[in-house]
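The values are calculated or read from the model by the stated rules, or taken from the named source; none is laboratory data. In this text, all values refer to a predicted model and were calculated from it rather than measured experimentally. No Cβ is skipped: glycine too gets one built from the backbone with ideal geometry, and neighbour counts run over all protein chains shown.
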Amino acid sequence: MLRPTTTLELQEAITGAWADATTLEVRAGGSKAALGRDAPAAQALDLTALSGITDYDPAELVLTARAATPLAEVRAVLAERNQHLAFEPPDYAALLASERAPTLGGTLAANLSGPRRLSAGAARDHFLGLSAVSGRGELFKSGGRVVKNVTGYDLSKLLAGSFGTLAVLGEVTVKVMPAPEQACTVLVHDQTPAQAVSWMTRVTATPIDASGLAYLPVHACGRSEVQAVRAGGTAVTALRLEGIGASVAARLQALREGWLTDAGHGYETTVLERDESRVLWTEITDCQLLPRQGVVWKVSVPPARGADVVTRLTALLDCDVVFDWAGGLVWVCIRGDAARETVVRGTIRDCGGHATLIRASATERRRCPVFEPLSPPVAALSRRIKDAFDPGGILNPGRMFA
Amino acid sequence: MPAVDAAVVGRREELAAALRWILPANSVLVGEDEKRPYESDGLTAYRQMPLLVALPETTEQVSAILKACASFGAKVVPRGAGTSLSGGALPLGDGVLLGLAKFNRILDIDYPNRCVVAQPGVANLAITRAVEGRGFYYAPDPSSQVVCSIGGNVAENAGGVHCLKYGMTTNNLLGLEAVLMSGEVIRVGGKHLDAGGYDILGVLTGSEGLLAVITEVTVRILRKPETARALLVGFASVEAAGACVANIIAAGVIPGGMELMDRPAIHAAEAFTHAGYPLDAEAILIVELDGPAAEAEELALRVADIARAVGATSVRASASDEERLRFWKGRKAAFPAVGRIAPDYYCMDGTIPRRKLPQVLTRIAELSKQYGLGVANVFHAGDGNLHPLILYDANQPGELDRAEAFGADILRECVAVGGVLTGEHGVGVEKRDLMPEMFTEVDLAQQQRLKCAFDADGALNPGKVFPTLHRCAEMGRVHVHRGETRFPDVPRF
């Protein structure tokens, strides 16, 4: 195992691997080792030692850290100054049955975002700059340490979600934001999936400015630690309001006056205050409300199509679902070991969207394309991009595409 | 710029004939007079007549044109509305200028999915106009938004005054259709979020027309905030204004917009628009708070308190929307206002860490004396994006060169304090030769290898962004060496 402790050692490790054509499995915390195609490499490149926050200036809204810095450390340092990562990075420990802690670099390399993706953008939208080592062993940088920058190609975007297949992140700079002063969650009880998606679509067309909109069917509610969610015995639609106290109160009032009815009849509602609200959204962010067994797909569709997709999927598969992003994200957990990709991808194809296999056995993650198959010209372009960064194909080969 | 390819110039008529197989005859411009409107973009100091102008209106035509150009070995320069301030659409004498103005239709307004699908030639503001009746808008608002095109916005990753809170173009984009130099049509993203695979959508945004030609754009639209309040705050020093900005953000307030103007900019804007700016102030801040009424009210009070605590000399809160728009009127007209006090001005676009503002403005004042040219500063204070406007007279021999040298020194200072060369205008030809101030040869070589993945022959908008051009074959294995010859500059007027 290669375990560089400095950027220079990282560069040497990769240069050496390129010279003798050794494939590398790039890992920081290792919490997402089961994410992506199962494609073993000859040697592990363990980045754990490249950890630590190198610069943080709250008034500039930027933080720079070595890639393997644990997310928990970043969160704690930000919380001291009432700031946070607005894209709400998830921890898939429960989902992927991993004991390991996620890192900032791993989160960016997988472009993972939570429910606030809806209003605050994805991980990639907060990724301002980087230094990284390419598959040629060259240390390069891109972007900067300021929030507004168009100097050169935006390689932060390209490396976000590239699963370590293009270059190995050394140091990353992210945009940080003030944490909301106040938060609460309105639970709307007993909507059907179609009613919920229709209601969420209506709410997003108002100035209510929800920072989370999720729908939890009964099975998911039963797994929640939050009493009001678990005990009702009905499905729950959850709407989160965040901001200064006066703003949260005003929007809650507006919601009660105008948007908690449908076709003249009012829905039964409960309001979760700050602490319970946080518990619920952490459960949603970290996928804790899905069954512990079974194959899990992350399905991204135009939000108004969410219910339609689920209706079709549940007719064909024995599965549980959770909706996030106002219907635009559907977590699908299929009972059994088979990925059933033909059904899943076939169903979403005519809605526009894509499906990523998040949890499955290594065998299934070898057999079935984990990421949505690309059109021929985009696939060819993606291969050329890979070659432009990693001509020897040594970095996480096959992790994304065969 | 790249050396002119005499063989391609010699086959101009042949190429024009090939393009007339693809386009109606009146969409291929050959004559000097009809090509004249395309010889320059928003960076008017640079001019170059293109070999030909092609004006397609379908994706199939764009694809066929690119294939034809590739077979002739002809270069291609894409152009939206031609408002680039960095020379991004500056033509090439041996290249086809590909004008996308005929792609002017909004294809789909999808309220349930909160997005709009538009052709690239649609004006930025036209998208907001199309959806504002239902209470929506498109967030990025570059000051040229009345005319600049959404395709050009994507190519340049355009910003505006609301970026800190609402993001730049890249953060408001959902999908693209684009054509590669090979003629291949690619579609990335759509009405859904975060498509898997490499983020080609993200890397095309801000690629300045060097990677692909954009033929369709899907953007997200946002619900208009319920209210907006603006504060007009005067300060006796730029330092105090800078401290106010830092304290607002440290207090956890993210304004919808936060703009700083220095004394010369205040006076120019006030003389032009009578916005009611305090003429005794050394700096003013316009801070806009938006959201539900209760939020905007309370945040306005908090910001006013912060401003007074750092010694603001005047604090005015807008009592009506008319007054709020009056506060903005001077800022939005700052460029033309400065245009009235000098025959010409040259607009710079560096971004700096906000805390460095006093230091950078002091340095700009020193440089202003050194070069003997006036300067007015407007600053997107929320995101650290500085727009010094250098005043000069192009009719005075040597003044343009001095203005450019002055501007380059400002950008060097921006990089030296930890900032970047360009926040929203792009590198283009203008800042191309300054790229080594910010990037090493290895950094630039990696970017050029990416270019090679999209355009192996380097035919799409060459001469922009990169100070030296390398053939893709040589980028493959050989390391880049120092001291390569720079390409001779563009003819200038």
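Is there a residue being within 20 Å of B:Glu156 (Cβ to Cβ), β-branched (Val, Ile, Thr) and part of a loop (DSSP other than H, G, I, E, B) anywhere in region B:70-84? Scanning region B:70-84, I find at least one residue that is within 20 Å of B:Glu156 (Cβ to Cβ), β-branched (Val, Ile, Thr) and part of a loop (DSSP other than H, G, I, E, B), so the answer is yes. Applying the condition of being over 24 Å from the mean Cα position of the chain (by Cα) and under 17 Å from A:Gly266 (Cβ atoms) to region A:183-197 and asking which residue is nearest to the other protein chains (Cβ to nearest Cβ) yields A:Gln195. Scanning region A:300-315 finds one or more residues that are touching a His at 6+ places or on another chain (Cβ under 8 Å) and polar (S, T, N, Q). Say whether the condition of being within 12 Å of chain B (Cβ to nearest Cβ), in contact with a strand residue (DSSP E or B) (Cβ under 9 Å, 6 or more places away or on another chain) and crowded, with 24+ Cβ neighbours inside 10 Å is met by at least one residue in region A:62-70. For region A:62-70, residues within 12 Å of chain B (Cβ to nearest Cβ), in contact with a strand residue (DSSP E or B) (Cβ under 9 Å, 6 or more places away or on another chain) and crowded, with 24+ Cβ neighbours inside 10 Å: absent. When region B:171-186 is filtered for residues that are free of Cβ contacts under 8 Å to residues at least 60 places away in the same chain and at the interface with chain A (Cβ under 7 Å from one of its Cβ atoms), the ones remaining, listed by number, are B:Asn171, B:Ile186. Take B:Pro112 and decide whether it is within 14 Å of chain A (Cβ to nearest Cβ), of a type outside the set (Val, Ile, Thr) and crowded, with 22+ Cβ neighbours inside 10 Å. In short, no.
The residue of region A:380-396 that is surrounded by the fewest Cβ atoms within 10 Å (Cβ to Cβ), among those that are without any contact (Cβ under 8 Å) to a residue 40 or more places away in the chain and closer than 16 Å to B:Met181 by Cα, is A:Arg384. Assuming A:Glu341 fulfils every condition listed in (1) surrounded by fewer than 22 Cβ atoms within 10 Å (Cβ to Cβ); (2) touching a residue at least 40 places away in the same chain (Cβ under 8 Å) apart from one, which condition is it? Of everything listed in (1) surrounded by fewer than 22 Cβ atoms within 10 Å (Cβ to Cβ); (2) touching a residue at least 40 places away in the same chain (Cβ under 8 Å), A:Glu341 misses just condition (2). Of the residues in region A:314-326, at least one is closer than 23 Å to A:Arg116 by Cα and assigned to a helix (DSSP H, G or I). The numbered conditions (1) at pLDDT 90 or above; (2) surrounded by fewer than 16 Cβ atoms within 10 Å (Cβ to Cβ) are all true for B:Leu444 except (2). Only residues that are assigned to a helix (DSSP H, G or I), farther than 18 Å from A:Ala194 by Cα and free of Cβ contacts under 8 Å to residues at least 60 places away in the same chain were counted across region A:282-313, and they come to 1. The residue of region A:123-167 that is farthest from B:Lys464 (Cα to Cα), among those that are acidic (Asp, Glu) and part of a loop (DSSP other than H, G, I, E, B), is A:Glu138. Within region B:364-397, restricting attention to residues that are part of a loop (DSSP other than H, G, I, E, B) and in contact with a helix residue (DSSP H, G or I) (Cβ under 7 Å, 6 or more places away or on another chain), the residue that is surrounded by the fewest Cβ atoms within 10 Å (Cβ to Cβ) is B:Asp393. Condition check: modelled with pLDDT of 95 or more and at the interface with chain B (Cβ under 7 Å from one of its Cβ atoms). Does A:Gly170 satisfy that? So A:Gly170 fails the test.
Is it true that some residue in region A:351-369 is part of a loop (DSSP other than H, G, I, E, B), at the interface with chain B (Cβ under 9 Å from one of its Cβ atoms) and farther than 18 Å from A:Val301 by Cβ? No: zero hits.
Taking the criterion of being within 7 Å of chain A (Cβ to nearest Cβ) and part of a loop (DSSP other than H, G, I, E, B), the only residue of region B:431-454 that qualifies is B:Phe439. Going through (1) more than 7 Å from every other protein chain (Cβ to nearest Cβ); (2) within 29 Å of A:Thr204 (Cα to Cα) one by one, B:Glu226 falls short only on (1).
Quick check on region A:101-115. Is at least one of its residues within 7 Å of chain B (Cβ to nearest Cβ) and either closer than 25 Å to B:His380 by Cα or part of a strand (DSSP E or B) (or both)? There is no residue in region A:101-115 that is within 7 Å of chain B (Cβ to nearest Cβ) and either closer than 25 Å to B:His380 by Cα or part of a strand (DSSP E or B) (or both). Say we look at region B:51-60 and pick out the residues that are in contact (Cβ under 8 Å) with a residue 12 or more places away in the chain and either assigned to a helix (DSSP H, G or I) or not β-branched (Val, Ile, Thr) (or both); which of these is farthest from B:Val185 (Cα to Cα)? Restricting to residues being in contact (Cβ under 8 Å) with a residue 12 or more places away in the chain and either assigned to a helix (DSSP H, G or I) or not β-branched (Val, Ile, Thr) (or both), the top hit is B:Leu51.
Of the residues making up region B:246-263, those that are buried (at least 19 other Cβ atoms within 10 Å of the Cβ) and touching a Gly at 6+ places or on another chain (Cβ under 9 Å) are B:Ile248, B:Ile249, B:Pro255, B:Gly256, B:Gly257, B:Met258, B:Glu259, B:Leu260, B:Met261. Of all residues in region B:418-430, those satisfying the criterion of being facing another protein chain (nearest Cβ under 10 Å) and in a loop (DSSP other than H, G, I, E, B) are B:Gly418, B:Gly419, B:Leu421, B:Thr422, B:Gly423, B:Glu424, B:His425, B:Gly426, B:Val427.
Set side by side, the residues A:Gly137, A:Gly164 differ, and just one is on the phi > 0 side of the Ramachandran plot and surrounded by fewer than 24 Cβ atoms within 10 Å (Cβ to Cβ), which is A:Gly137.
Looking at region B:2-50, which of its residues are in a helix (DSSP H, G or I), of a type in the set (A, V, I, L, M, F, W, C) and either touching a strand residue (DSSP E or B) at 6+ places or on another chain (Cβ under 6 Å) or surrounded by fewer than 16 Cβ atoms within 10 Å (Cβ to Cβ) (or both)?
Result: B:Ala6, B:Ala7, B:Val9, B:Ala16, B:Ala17, B:Leu19, B:Trp21, B:Ala25.
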